[in-house]
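What follows is calculated from the coordinates using simple rules that are stated; it is not laboratory data. Nothing here was measured: the structure is a model prediction, and the numbers come from that model. Please note: Cβ atoms are built from the backbone with ideal geometry, for glycine as well, and neighbour counts cover all protein chains shown.
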Amino acid sequence: MLKVGIFVNREKDEGFAITKEIINWLLINEFIVYIPYDLKIRHSNLNIVTKDLMYSESDFIIVLGGDGTILGIARGLTKYDTPILGVNLGNLGFITEVEIKDIYTSLESIKNGNYSIEERMMIQADVYRDKTIINTLYALNDVCITRGHLLKLVKLNAYVGKNFIDKYNADGLLISTPTGSTAYSLSAGGPIVSPTMSLMLITPICPHSLKSRTIVVSDKDDIIIEVSEHQNGEVYLTADGQEVFKLLPKDKIHLIKAQCSLKLIKTTNRSFYDILRSKLKDR
């Protein structure tokens, strides 16, 4: 029997109506189901567990929501190798694979082994203070170093390996994966990159210099961002716009391709370029 976990964005499935329908279908089709909340459904193959246990025990995870929901799950899965099936409950997303109307067709395909796995790289960001790692964040889309509420620019020094790149006086600096190229990086003027490529993007946000442009580096490179000792005003490090850490002057952020990656189950022929064409048409 296939073991499947279910995580849902509660704001997009009021009363868990869609979730309950999917669970009933899975149980009828002899899946073992893991969920992190009690929906008052009683069945020998339905297990109420912690999220960590769901991640470790499931053959795959159904994520009901949108791209933002998947971003949160991706960081939670960094210790595991469990693939996910993203089911879109909102607007058309770049990461979610399946529209809700097609969910049962996709689950039938998975049950019959008719699917593929697409791997997406993630970024690991280690924060150093006085040569000691004080925090580590992971991101599927991007890591952003940005100013606080006061109208103060961030002053950052950027390196690739031992090579000095530039000094940035800007609203912020983005380090993005190919998956994240269509998110904040695109809004900041960065290029669109196929999500299966192996690279990282360094994109300044509203830089106070016309020469500052996106730099594309290999996923084998180390990126080091240093908060200037002359920084005046608050600076924050954010992973995927969801996890935040306050930085101090002289802090260094060491960014590399993470050893973990997100594995997306593909059951349709819809390509990244099909999604891109639809999304750009809406803008």
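Looking at the range 72-167, the trypsin sites (Lys or Arg not before Pro) that sit in a DSSP loop and have at most 11 other Cβ atoms within 10 Å of their own Cβ are Lys79, Lys131, Lys162.
Shown is the FRET efficiency for Lys131 and Glu21, computed with R0 = 35 Å from the Cβ-Cβ distance and rounded to the nearest 0.05: 0.05.
Between Gly86 and Val63, Glu97, Val98, Ile265, the built amide H atoms are under 5 Å apart, and every one of these is 5 or more places off in sequence or on another chain. The order of Cys206, Cys144, going from fewest to most other C-beta atoms within 10 Å of their C-beta, is Cys206, Cys144. Candidates Ala74, Val98, Ile256 compared by Cα position along the dipole of the chain: farthest toward the positive end lies Ile256, with charges placed on Cβ. Taking θ as phi - 60° and the Karplus parameters 6.51, -1.76 and 1.60, the scalar couplings of the range 246-257 work out to 7, 9, 10, x, 6, 4, 10, 10, 9, 10, 9, 5 Hz in sequence order, x denoting glycine and proline.
Annotation: the residues Met54, Met200, sorted from fewest to most other C-beta atoms within 10 Å of their own C-beta, follow the order Met54, Met200. Hey, of (i) 111; (ii) 139; (iii) 126, which did the structure itself give for volume of the Cα convex hull per residue in Å³ when calculated? Given (i) 111; (ii) 139; (iii) 126, the structure-derived one carries the label (ii).
Calculated [222 nm] ellipticity per residue, helices only, for the chain: -5000 deg cm²/dmol; basis is -39500 (n - 2.57) per DSSP H run with n ≥ 4, divided by all residues, nearest 500. Are any of the pairs Lys101/Lys281; Lys51/Lys266; Lys20/Lys281; Lys79/Lys266; Lys152/Lys252 more than 27 Å apart by Cα-Cα distance, and if so, which? Listed pairs above 27 Å: Lys20/Lys281.
Ordering Val227, Val49 by the number of other Cβ atoms within 10 Å of each residue's own Cβ, fewest first, gives Val49, Val227.
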